Amino acid sequence: MKATWFTRIAGAAGLVLMVAACGGGGGNEGQAAGALESVRYLTSFNTFGRDAYAYVALEKGYFKEAGLDVDIKPGTGTVDAMKLLAGGRADFGIGDFTGTLITTAKEKLPVIAVGMVHQNSLAAIIALEEGGISTPKDLEGKTIGDQPGSTVQVTFPVYAKAAGIDASKVKFVPGAPPALPQLLASGSVDAIGQFVVGRGLIEKAAQGKKAVVLPYGEVLPDLYGNALLTSSTMAKEKPEVVKRFMAALFKGLEYSIANPEESGEILKKYQPTQNPEVAAAEVRAMAPYVAAQGQPIGAVSKAKVEANIKLLTESGAIPAGMTPEQVIDLSLTPQG
C-alpha cells in the first residue's frame, strides 16, 4: 500500500518521539518525551460498527505511536459533540458536516472541522416495509424516533425541502441512540434517524423484517458526511496534536474498511454488547463513502465546502455570509 497523507504524518510523529526518547539530556526532558498526551474523543453516534475505526486505531497502537493516550466515549449526535468540544469537555469528536454548518450558524460555537470521514452524506431515515413508508413523501403524518440534535433531525428541514416533504407534518420523537432500533421494531415510531449503513442493525432488531432506507444523499448528493471536529482553541494552540491524532484516526479508518470482519471483532472486544457480524456489515457498507471519487481518506475540498454552504444558504437553513474559514481549518486538513 502506498504511503498516504496520514501514514506519513503518523510516521513522522513516531520518529520524533523515538528521537526525543533516545536522545541525551536530563531526566525531566526524557520523561516528557516518553509521556503520552491524554486526548478525549467522542464517536459519532453510540458505538455501532460505523465507529469501529476509532477502536481499531486504539487496538492497533496507532494512537500510542502518535504519542497519544486516547479515551473513547460514545457520542450522541453532532450538536452534543459540538457543545462538549466548545466547553472543553472533549478534545475531538465526529459530527455530520451539514449539522456542523447549521449549528455554527445558529449558535456560533468555537468548533472547527479538520478532516472528512465521509466524502458523501450517510444520513438516512429507516422504516420497516410493513409500515407503509416507501418514499420520502410517505413520511408526512408519521413519527420519526431520533436523538435530539442528531444529524438526521438537524438536517431534516433541508432534506424535506429537497424531497418535496411538508416538514410541519412530520413529528420527531426523542430516543437514545441504543434504543432506536427497538423503538422501530416495536412500532413505537414509524421510522428512525440512522445512517444508510444501519440497515443490518435494524433488520436484526426487527427479527428479520425488511427495512426501507431513505438516504439523504439521494436528494442532496453534494453534501459531505461526517467530519472530524475539534475546538478552535485546540486547532490554534495545538496544531501538531491535531495532525497526529487525525493521522492515527484515519489510519485506523483505512485499516477498518480494508478489514471489516476484524474491525467487527475489535469493536466487540471494547464494546461487548455489539454484534461483530452486524458491525462488519456496517463497515463494508461505509467503505464507498470513505474513499469516494478517488479522494484520499480524510480529504477536504474548499470548493465542495463552498458548495455545501451555498446549498444550505439557498435552502434557508443558514443565513448568507458564511465562509469556509468559519467552519474548517484548511491548513490542517488533507487536501482533496
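The values are calculated or read from the model by the stated rules, or taken from the named source; none is laboratory data. In this text, all values refer to a predicted model and were calculated from it rather than measured experimentally. Note that we place each Cβ from the backbone using ideal geometry, even for glycine, and neighbour counts take in every protein chain shown. Heavy atoms of the whole protein, side chains included, go into the accessibility calculation; ligands, DNA and RNA do not. Shrake-Rupley method; radii C 1.70, N 1.55, O 1.52, S 1.80 Å.
Filter segment 293-324 for residues that are open to solvent by 50 Å² or more (accessible area, probe 1.4 Å), over 15 Å from Met116 (Cα atoms) and of a type outside the set (A, V, I, L, M, F, W, C) and give the result. Selection gives Lys310, Glu314, Gly316, Pro319, Gly321, Thr323. For Lys64, are the conditions met, namely being open to solvent by 20 Å² or more (accessible area, probe 1.4 Å), within 23 Å of Ile328 (Cα to Cα), assigned to a helix (DSSP H, G or I) and modelled with pLDDT of 95 or more? Spelling it out, it is not the case that Lys64 is open to solvent by 20 Å² or more (accessible area, probe 1.4 Å), within 23 Å of Ile328 (Cα to Cα), assigned to a helix (DSSP H, G or I) and modelled with pLDDT of 95 or more. Note on segment 299-331: residues that are touching a residue at least 40 places away in the same chain (Cβ under 8 Å), outside any helix (DSSP H, G or I) and in contact with a strand residue (DSSP E or B) (Cβ under 8 Å, 6 or more places away or on another chain) amount to 5.
Number of residues in segment 166-219 that are under 20 Å from Ala279 (Cβ atoms), assigned to a strand (DSSP E or B) and open to solvent by 40 Å² or more (accessible area, probe 1.4 Å): the value is 0. For segment 220-247, a residue qualifies if it is among the acidic types (Asp, Glu) and assigned to a helix (DSSP H, G or I), and the qualifying residues are Glu237, Glu240.
Would you mind telling me which numbered condition in (1) within 20 Å of Gly200 (Cβ to Cβ); (2) over 19 Å from the mean Cα position of the chain (by Cα) Val290 fails? The one condition Val290 does not meet is (2). Please state which one of Ala90, Ala66, Ala105, Ala54 is more than 18 Å from Val241 (Cα to Cα) and hydrophobic (A, V, I, L, M, F, W, C). None of the others qualify; the one that does is Ala105.
Take the conditions (1) modelled with pLDDT under 95; (2) open to solvent by 50 Å² or more (accessible area, probe 1.4 Å); Gln119 misses just one of them, which is (2).
Does Phe250 satisfy the criteria of being closer than 29 Å to Arg199 by Cβ, at pLDDT 95 or above and either open to solvent by less than 60 Å² (accessible area, probe 1.4 Å) or outside any helix (DSSP H, G or I) (or both)? So Phe250 passes the test. The selection criterion, being more than 28 Å from Lys268 (Cβ to Cβ), buried (at least 24 other Cβ atoms within 10 Å of the Cβ), among the β-branched types (Val, Ile, Thr) and modelled with pLDDT under 95, does not hold for Thr78.
Scanning segment 135-165 for residues that are of a type in the set (S, T, N, Q) and either open to solvent by less than 20 Å² (accessible area, probe 1.4 Å) or under 23 Å from the mean Cα position of the chain (by Cα) (or both) returns Gln147, Ser150, Thr151, Gln153, Thr155. Within segment 267-285, being surrounded by fewer than 24 Cβ atoms within 10 Å (Cβ to Cβ) and assigned to a helix (DSSP H, G or I) holds for Lys268, Lys269, Tyr270, Pro276, Glu277, Val278, Ala280, Ala281, Arg284, Ala285.
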